[in-house]
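What follows is a single structure, written as structure tokens, with notes after it.
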Amino acid sequence: MSRIALVTGGTRGIGAEISRELKAAGRTVVANYASNDAAAAAFREETGIAVYKFDVSDFQACKDAVDRIHAEIGKIEILVNNAGITRDSTMTRMTRDMWDAVVDTNLGSCFNLCKLVFDDMRAAKFGRIVNIGSLNGQAGQYGQVNYAAAKSGIHGFTKALAQEGAKFGITVNAVAPGYVDTEMVRAVPEDVLQKIIARIPMGRLGHADDIARGVVFLTADEGDFITGSTLSINGGQHMY
């Protein structure tokens, strides 16, 4: 029986490609989404992947959804915390609501979902958790103190939880994408986009499947000696 994988934010952008690649690798994939019913329905129709709508920043909503997934599909063995939002602004103009929305969605969701699946993984002596961080969580970015703080927090969260899970066969790793040619990045003005690309040694934006292949690698059964690591997939833009 194939292992069950939950991908948050899994019906669009990088998350959709992660969902597709995990399915191609033989996983039974469940994709979470937040609000776009039409996009989720089209994704389900295209891929045959089950979709579940819930707010990853809301612990009770996550619990209800995980309970449904367990009842309808089975216990979650692979968790990819990919869901994320931006509310960019300089500190002078950033509101507390903008801060809370990004931290609760991008970082709080990691706590919510890991909390809800971790005990079952411990009991099964198997689990794969991948948290999607960011280049900007490693290097910082002007106008993104909320986003950079949340993504940096993911990297620390990953290292700490990896230490708790190791003796139970649970690996916890992060992937830190650089600039990827998603809808959000393509909306950047062309002159600004060219300046971004000029700072990438590989000379191009990343593709969603570049990130997805990293996730497939880290969630493989054979990846049982890789934990607490951050895999940077950024074309060489930030090396450390």
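Observations
- Residue among Thr158, Thr182 that alone is among the polar types (S, T, N, Q), modelled with pLDDT of 95 or more and surrounded by 14 or more Cβ atoms within 10 Å (Cβ to Cβ): Thr158
- The requirement of being over 16 Å from the mean Cα position of the chain (by Cα) and either under 21 Å from Ala101 (Cα atoms) or touching a residue at least 12 places away in the same chain (Cβ under 8 Å) (or both) is fulfilled somewhere in region 182-191, by at least one residue.
- Members of region 25-39 found to be within 19 Å of Ala61 (Cα to Cα), of a type in the set (A, V, I, L, M, F, W, C) and either crowded, with 22+ Cβ neighbours inside 10 Å or more than 17 Å from the chain's Cα centre (by Cα) (or both), listed by number: Val30, Ala31
- Number of positions in region 63-85 that are under 14 Å from the mean Cα position of the chain (by Cα), β-branched (Val, Ile, Thr) and more than 17 Å from Glu21 (Cα to Cα): 1
- Condition met for Thr171 (surrounded by 21 or more Cβ atoms within 10 Å (Cβ to Cβ) and part of a strand (DSSP E or B)): yes
- Residue in region 147-157 that is in a strand (DSSP E or B) and out of contact with any Phe, Trp or Tyr (no Cβ under 9 Å at 6 or more places or on another chain) present: no
- Test result for Arg213, modelled with pLDDT under 95 and either more than 18 Å from His155 (Cα to Cα) or loosely packed, with under 13 Cβ neighbours inside 10 Å (or both): no
- Residues within region 203-218 that are touching a helix residue (DSSP H, G or I) at 6+ places or on another chain (Cβ under 8 Å) and of a type in the set (Gly, Ala, Ser), tallied: 3
The values are calculated or read from the model by the stated rules, or taken from the named source; none is laboratory data. Small disclaimer: the values here were computed from a predicted structure and weren't measured. Counting neighbours? That spans all protein chains shown, and the Cβs are built from the backbone with ideal geometry, glycine included.
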